[in-house]
1. Based on the mean of other beta carbon atoms within 10 Å per residue, what is the order of 258-268, 537-547, most packed first?
2. In square nanometres, what is one fourth of the surface area of the convex hull spanned by the alpha carbons of the stretch 266-396?
3. At 0.36 nm per residue, and after removing the present C-alpha to C-alpha distance, how many nm does the segment from T769 to I465 gain when stretched out fully?
4. If you average the alpha carbon positions of the stretch 49-126 and of the stretch 554-632, how far apart do those two centres end up, in angstrom?
5. How far, in degrees from 0 to 90, does helix 2-19 lean away from the longest principal axis of the Cα atoms of the chain, to the nearest 10?
6. Can you work out the FRET efficiency for the pair E258 and Y297, with r the C-beta to C-beta distance and R0 = 45 Å, to the nearest 0.05?
7. Given R₀ = 35 Å, FRET efficiency for V112-Y557 by Cβ-Cβ distance, to 0.05?
8. Of K194/K668; K259/K612; K270/K748; K316/K696, which pairs sit farther than 27 Å apart, going by alpha carbon to alpha carbon?
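The values are calculated or read from the model by the stated rules, or taken from the named source; none is laboratory data. Small disclaimer: the values here were computed from a predicted structure and weren't measured. We place every Cβ from the backbone using ideal geometry, glycine too, and count neighbours over all the protein chains shown. The accessibility values were calculated without ligands, DNA or RNA, using every heavy atom of the protein model including side chains. Shrake-Rupley method; radii C 1.70, N 1.55, O 1.52, S 1.80 Å.
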Amino acid sequence: MRKLFFIPVLVLILDSSIAQRPHDDHNHENMPKVGVITGKVRDAGTDAFIEYSTVSIFSHRDSSLITGTITDQTGSFILKELPYGFFYVEFGFIGYKKHRVTRIRITPNASVVDLGVIKLEPTYTSLEQVEVVADKPHVEYKIDRKVITVSQDISSAGGTAVDVLENTPSVQTDLEGNITLRGSSNFRVLVDGKPSVIEGNEALQQIPASSIQSIEIITNPSAKYDPDGMAGIINILMKKQKQHGFGGIFNASIGTKEKYRTNFLINYRKNNINFFGGLSYDDRKFSGTGLMNRESYLNDTVFYVLSDGSREFRRKGFEIKGGFDYSINDKHLITLSGSRGDRGFSRGRFEKYHEYSDPSLTDQWYNSRDVFEVNFDYYGVNFDHLLKFDQPGHELLSSVYYRSSQGRNTSDMTEDTASIIENGTLKQRSGQDEYETELRIKADYTKPFHNNGKFEAGYQARIDICDADYVLEDYDYDQNLWLTNGEFTNEIEVYRNIQDVYGMYSDKIIGIDYQLGLRIEYTDRVIKQVTTGEEFIYNKFMIFPTAHLTKQFENNYQVLLSYSRRINRPRHWHVNPFTRYIDRLNKRVGNPELEPEFTDSYELNFQKHFGKSFVALETYYRQTNNKITRIRIQDTTTTENVLIHTMDNVNRDYALGAELMANLQIFKWWNINTSANFFNYRIEGEIVSEDVSQMKNTWNFRGNTTFRFKWGSRIQLTGFYSGPSVTAQGEREAFYTVNAALRQDFMKRKLSLTLQIRDIFKSGKFEFTTRGEDFYIYNRFTREPQVVTLSLTYRLNNIRQSKDDHDHTETDYGTDTE
């Protein structure tokens, strides 16, 4: 593997050495090349940094290209080793007018030129007297991440971050809205680069799409980020006004069969202070059907369980948030923000069961009603202080983050049959009270050096505390009351202290930009099973190296080679050794010996621009050791037909694949965005001495096409196909879905109405099998098809677009003449 990793590096170095040739005109050839030009590039409207803007320097004498570069994450750029003379610099990026800075002079007495902040203006076109703002691409394929522009995904209007990600390369969603990133369900969710108050997939289910500016998919993060998340990071960037004055956005949606959502965001910016706030409310119900066939083999008997019925999912939530940014002066910026809310989720199953055996020991029919519900309150507070030093880019960011949540999980189960108990009805209920807190204190330091060099370092302290009480109760018909079942009642406490330091250095050598990083972590985890008095301790030093190499070729062609090491830590319910009751046929037991799993991730990415279109190819290899796997085993301690659900470290798995992506601007009114992911997945390991090694070649495809009309209308069609896949104990069948949406703008784009329909062909289903040495299970679940939603968006103080239709702007830097 090491040989495979270094071959592309050698190719890039050789290519750079052979391809480099002087671009200077004759007058520049013999001059000392000690000149430097620096600056930053921002959006003229929002003042946001523009990353990956092209920066090209030309000779004033004959307009020959001298050299070029691209901007970094902070919009900064630096051109070095420049000869003396007169030059002009051009800036460009997709969706913006070209900008030229003229009459730049480099002399022995002024060899370093700082152009300051260059502001690019969005491009505008006029179609038959109708003003249209040139759209940013739905998906921007930056060399180290993918950026999804939410406003271009009209099929997600009225939905959540999950609905946006359904149309995103590298991401797959199942019928219940659960996200996987290149086949892995373990990823890290950040909101504006910080941990989310609500974690993981649940956070994506709750964040309104209308509140999101863009979403970043980072599959190989640098050492600056937490190593959590095997598949990478999903970073949600929320909307925030940059212009002075008052502004905001209001959204509301209604869908078939009880689906309601509303939210608003407001901003007020004046001088050096910006206030922001928002409120959201969500209440959506989804229906579906479920079917299960289960066989269990105990001694000489085969037990069969057949079930069929309806299912219901419901999500409810309310959140209020707010904060402010305050620039004390040019050197100090502080931000204080917070959120408070409550969330709820319920899942109901209403099914008919038939249990029988061969030879015939039992044969019974019954109706089952099982309702699982989660409700919790939470709040979070975040404080940032940014200190800027005199040198541009030299800064220290200090942060304190605290969150707390408390909630209750309940499950009510009723089985109605005369053959189970004498009076014909079995009633049970369970509840878990859970308290969680998290504190983070961190500092990030950045120091630029000469030319392209930059050093970054940081420290983070992270403390997590969790306390969970679980109670199971049986209903006693004789006493007409609920009685605690001591066999399944317990309390667990989990304490985790994580200390991190990291360092990174980036520079440029022989035409290749590189970044090397290392994160060192110490973890101290203590699990205390209060009921039994047991205590389980895990502590360890760990290292997480990262490396990124980038080569910028002529003709807008880029190559990136990267590596990172990631971790997935067990959750507290994964390690609780106490038995939890699911239902009469299923129990859950945690594994206190469960260890974290580690992933080594390699990527080699290519990107090529063709005007406003581009094609990207991402190749990847991922190996996970100590693979954490959900497993099911037959309970051999009883003659009953009971399955035990638990977790275990099952050796390792491998994923090798390539993802081809394209954004094609066919005409001004027609855009196609598509991607296809082909990969080989292999898992190795044993479960209860049984070899569960499997391999599968599979693929998935998604397509998104948008038609724009001059009267402010858009039609968007999206489709997704997911090929079959395997797990340690089974496989999942393929499925596909197709959605459509229509958006109409009014009042100079202040008001928008969107009508959409999801799963047009009723093809959404989730079908999988699970097998072990002594059991076999087949499940099929279908969701509610052809869901119709109507959404409204109103923008307060919408900025009227400029009528300037020039394709470039120009700045006169100096007054000297050549």
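1. For the peptides 258-268, 537-547, the packing ranking is 258-268, 537-547.
2. Details: hull surface 57.4 nm².
Value for the stretch 266-396: 14.4 nm².
3. 105.8 nm
4. 39
5. Between helix and principal axis, roughly 20 degrees.
6. Values: r = 43 Å, r/R0 = 0.95.
In this case the efficiency is close to 0.55.
7. Efficiency computed from Cβ-Cβ geometry: 0.75.
8. Among K194/K668; K259/K612; K270/K748; K316/K696, the Cα-Cα distance tops 27 Å for K194/K668; K259/K612; K316/K696.
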